[in-house]
1. Checking Cys171 against (1) part of a helix (DSSP H, G or I); (2) at pLDDT below 95: exactly one of these is not met. Which one?
2. Would you mind telling me which numbered condition in (1) at pLDDT 95 or above; (2) closer than 20 Å to Leu108 by Cβ Leu50 fails?
3. Just give me the residues in segment 42-62 being surrounded by 15 or more Cβ atoms within 10 Å (Cβ to Cβ) and free of Cβ contacts under 8 Å to residues at least 40 places away in the same chain, in sequence order.
4. Could you list, in sequence order, the residues of segment 158-171 that are in contact (Cβ under 8 Å) with a residue 40 or more places away in the chain and buried (at least 19 other Cβ atoms within 10 Å of the Cβ)?
5. Out of the residues in segment 93-136 that are farther than 23 Å from Asp13 by Cα and small (Gly, Ala, Ser), state the one that is surrounded by the most Cβ atoms within 10 Å (Cβ to Cβ).
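The values are calculated or read from the model by the stated rules, or taken from the named source; none is laboratory data. In this text the structure is predicted, and so the values were computed from the model without any measurement. Cβ coordinates were reconstructed from backbone atoms using ideal geometry, including for glycine residues, and neighbour counts include every protein chain displayed.
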Amino acid sequence: MKEMLGGCCVCADENGWTDNPLIYCDGPGCEVAVHQGCYGIQEVPEGEWLCAKCHVAANSYSNGELKRNGPSSNGVARIEARCELCPFGYGALKRTEQKGWAHVICALYIPEVRFGDVHSMDPVILSDVPMERFEKLCYICANAGDTRAAQMGACMSCNKPGCKKGFHVTCAQQRGLLCEEGGGSKNVKYCGYCEHHLRKAVLFRYT
């Protein structure tokens, strides 16, 4: 395991704890850091640890399978990966049931996504996600002028009743729009707000 600074790619917290440490991927050039619990790591490794993407890359190289880009300069096959729920390929990814990729954070915040094994958090199962989410445009990408990215992946919806704005989970994460709210039976509800309604929610909370 690498010893370095940096926050969890899933929850963004920079702190680690004895019972839930931050673990850093040892893959060449990989910057993934995750809490044990945030990524479904069953046991904290004593030595090297690889995220799912780097693990597949290492296995592909050892099996003689060269991916489209061929081996990297470090002797490890490069893996072409992009989350099926957003436009991005970096970060804490897991395999989907169809051998694609999805961010753990995207899987947590798109309500219909589930994990085949809730403990290891894989594979990510997307079969229940309605087509409407894939057809919805990310308003954050659109406002930035990236119409191509706006049409990629699936969008979560603003948690404010009546608001029709949709956005990628990772776009919302980058802008601090994701929330965890208390649900029934002590469950956590993962949700997010558009920038307009998040400001209103914060103002309401502190007035």
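1. (2)
2. (2) is the only condition that Leu50 fails.
3. Leu50, Cys54, His55, Val56, Ala57, Ala58, Ser60, Tyr61
4. Within segment 158-171, His168, Val169, Thr170, Cys171 meet the criteria.
5. Step by step, filter segment 93-136, then rank; the result is Gly100.
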